[in-house]
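Participant: To start, I am sharing the structure in question, which I have written as structure tokens.
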Amino acid sequence: PHLAALVLARGGSKGIPLKNIKLLAGVPLIGWVLRAAIDAGVFHSIWVSTDHDEIEKVAKQFGAKVHRRSPEVSQDSSTSLEAITEFLNHHREVDIVGNIQATSPCLHPSDLIKVADLIQKEGFDSVFSVVRRHQFRWSEVKKGDNKMTEPQNLNPAKRYRRQDWPGELYENGSFYFAKRHLIEKGYLQGGKMAYYEMRAEHSVDIDIDIDWPIAEQRVLSFGYFGKEPLKEVRLLVCSIDGCLTNGCIYVTEDHKEMVSYDYRDIVGIDLLKKRGIQVRFISDRDCSKTLSAMKLGCVAKVNVTNKLQVLKDWQEDMGLSWKEVAYLGNEESDVECLKQAGMSGVPADACAAAQKAAGYICKSRGGCGAVREFAEHIFLLLEKVNSARKQ
């Protein structure tokens, strides 16, 4: 049977405008679940259903196909079931739909693989995700009612300790898998049903702005970053113009060039060096005098015509795997380096080609703190590496 992953990503969002492609830890929100779906390797096709051009562009960048949904199922009042039904009407080859929520960025391929087995090998008609909660519930009392609240799932005279109570299962909205015949009857859950219990740390949902910083920390700690295990970064290579500087060159009357940089970036470079990470610089033009004046104490290569070759030479000389190399670039000449490096980033104002190739898009512009921000991103991922080792 044809199993299709389907991510519903409408352009209109009341809580957070264009939430589905807003950057979360440097990656568009929808990118986290698409990466997990692709790497799971269980789907015959992976789709994003959207009514918005920018969402379509991002979806294709991450390797998904796009179904342009109609205005009729793109309203605030439209339901997920209506959008999924429309998708199935246009794609008769699909037998099973795995509806994955874009707002669940801590989804892992291992979860999707196990769910696919439940519905394809064990014969379930629908499978949905749940998470275990240890929360005591009480009945609601409306204002003005002369009533007392009542316990719903506990005896106040004998409250459970957490370790003595298994808790309760709640839908977390991460995904809903269902067979075509069930959806065509108007159900996402029904027939022979099963739930799939996700780990609590992987159960992250984003509805409102206040959720965003919390989700960002959670995804850095528990998110899925790719098939290969993370390694400690040993080398950061940074493009000078447009990353360390803002790309502007000021020329005086006596033909001297001047550039500006942000002191925060210098602090970020020092912090990287203190963590044992080498920092090297690269440039298409001859800016050796600028680097000398900045007194960074880092290896640099200028007048470079092939940045990737220089990067490969440095990687080989240091005996590093690509997973141990980070690259910060901003122009088309950086694209191949961004694709090759194990960790890649660009400033917020990088060109479109560089943004597409990068794994992390900074909130800061070039010359305005982007190097420091990317350094902080590296430190957070190093913490993830160390945490995995301890586990």
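The values are calculated or read from the model by the stated rules, or taken from the named source; none is laboratory data. These figures come from a predicted structure and were not determined experimentally. A quick note on method: Cβ atoms are made from the backbone with ideal geometry, for glycine too, and the neighbour counts reach across all protein chains shown. Note: areas computed on protein heavy atoms with side chains; ligands, DNA, RNA excluded. Shrake-Rupley method; radii C 1.70, N 1.55, O 1.52, S 1.80 Å.
Participant: To the nearest 10 degrees, how steeply does helix 211-222 sit against the main Cα axis of the chain, on a 0 to 90 scale?
Facilitator: The angle comes out near 80 degrees.
Participant: Tally up the carbon and sulfur contribution to the accessible surface of the chain as a whole percent, 1.4 Å probe, everything protein left in place.
Facilitator: Working: 9540 of 19730 Å².
So the carbon and sulfur contribution to the accessible surface is 48 percent.
Participant: Then there's this: How much accessible surface area, in Å² rounded to 10, belongs to the heavy atoms of ASP164 with a 1.4 Å probe?
Facilitator: 90 Å²
Participant: Let me ask you something else. Could you point to the residue in GLY247, GLY268, MET258 farthest towards the positive end of the range 246-294's charge dipole, with +1 and -1 charges on the Cβ of Lys/Arg and Asp/Glu respectively?
Facilitator: GLY268
Participant: Run the numbers for ILE38 and ARG161: contour at 0.36 nm per residue of separation, minus the present Cα-Cα distance, in nm. Show your work: numbers first, answer last.
Facilitator: Values: separation 123, 0.36 × 123 = 44.28 nm, distance 4.08 nm.
That works out to 40.2 nm of additional length.
Participant: Can you grab the distance from the C-alpha centre of the range 325-351 to the C-alpha centre of the range 248-276, Å, no decimals?
Facilitator: 19 Å
Participant: Ignoring everything but the protein chains, give the 1.4 Å probe accessible area of HIS108 in square angstrom, nearest 10.
Facilitator: Taking all protein chains as shown, HIS108 has close to 30 Å².
Participant: Turning to a different aspect of this structure: Scan the range 252-317 for GluC sites (Glu not before Pro) in coil per DSSP, keeping those whose Cβ has at most 12 other Cβ atoms within 10 Å, and list them by number. Provide the component values of the computation, followed by the final result.
Facilitator: Numbers: sites: GLU253, GLU257, GLU316; in loops: GLU253.
Passing both the DSSP loop test and the Cβ count: GLU253.
Participant: Also: Give the accessible area for TRP322 in Å² (nearest 10); use a 1.4 Å probe, count only protein heavy atoms, and leave out ligands, DNA and RNA.
Facilitator: Surface open to solvent at TRP322 totals about 60 Å².
Participant: For the pair VAL302/HIS134, report the inter-label distance in nm, with labels modelled 7 Å from Cα in the Cβ direction.
Facilitator: 6.0 nm
Participant: Separate question: Test of understanding: what is the full-extension gain from LYS185 to ALA200, defined as 0.36 nm times their sequence separation minus their Cα-Cα distance? Write down the numbers at each step before the final one.
Facilitator: Numbers: separation 15, 0.36 × 15 = 5.40 nm, distance 3.22 nm.
That works out to 2.2 nm of additional length.
Participant: Follow-up question, since we're still on this one. What angle, in degrees between 0 and 90 and rounded to the nearest 10, separates the Cα long axis of helix 370-390 from the longest principal axis of the Cα atoms of the chain?
Facilitator: The angle comes out near 60 degrees.
Participant: A further question follows. Determine the distance separating the Cα centre of the range 187-226 from the Cα centre of the range 69-109; give it in Å without decimals.
Facilitator: Value for the Cα centre distance between the two parts: 17 Å.
Participant: With every protein chain kept in place and ligands, DNA and RNA left out, what is the accessible area per residue of the chain? Probe 1.4 Å, answer in Å². Walk me through the numbers on the way to the answer.
Facilitator: Details: 19730 Å² over 391 residues.
The answer is 50 Å² per residue.
Participant: Next question, about the same structure. Helix 29-40: angle to the longest alpha-carbon principal axis of the chain, degrees 0 to 90, nearest 10?
Facilitator: Around 80 degrees separate the two axes.
Participant: Express in nm, to one decimal, how much length is gained between LYS384 and ALA352 on full extension, taking 0.36 nm for each residue of separation and deducting their alpha carbon distance. Walk me through the numbers before you get to the answer.
Facilitator: Working: separation 32, 0.36 × 32 = 11.52 nm, distance 2.90 nm.
Full extension of this stretch gives 8.6 nm more.
Participant: Can you tell me what share of the DSSP beta bridges in the chain is antiparallel? A percent to the nearest 5 is fine. Can you show the working numbers first?
Facilitator: On the way: 18 of 55 bridges.
Expressed as a percentage, antiparallel bridges in the chain total about 35.
Participant: I've got another one for you. Let me spell out the model: positive unit charges on the Cβ of Lys and Arg, negative unit charges on the Cβ of Asp and Glu, origin at the Cα centre of the chain. What dipole size does that give, in debye rounded to 20? Walk me through the numbers before you get to the answer.
Facilitator: Details: 53 positive and 52 negative charges, 244 e Å.
Roughly 1180 debye for the chain.
Participant: Tell me which of LEU88, THR149, GLY63 sits at the most positive position along the dipole axis of the chain, charges placed on C-beta atoms (Lys, Arg +1; Asp, Glu -1).
Facilitator: THR149
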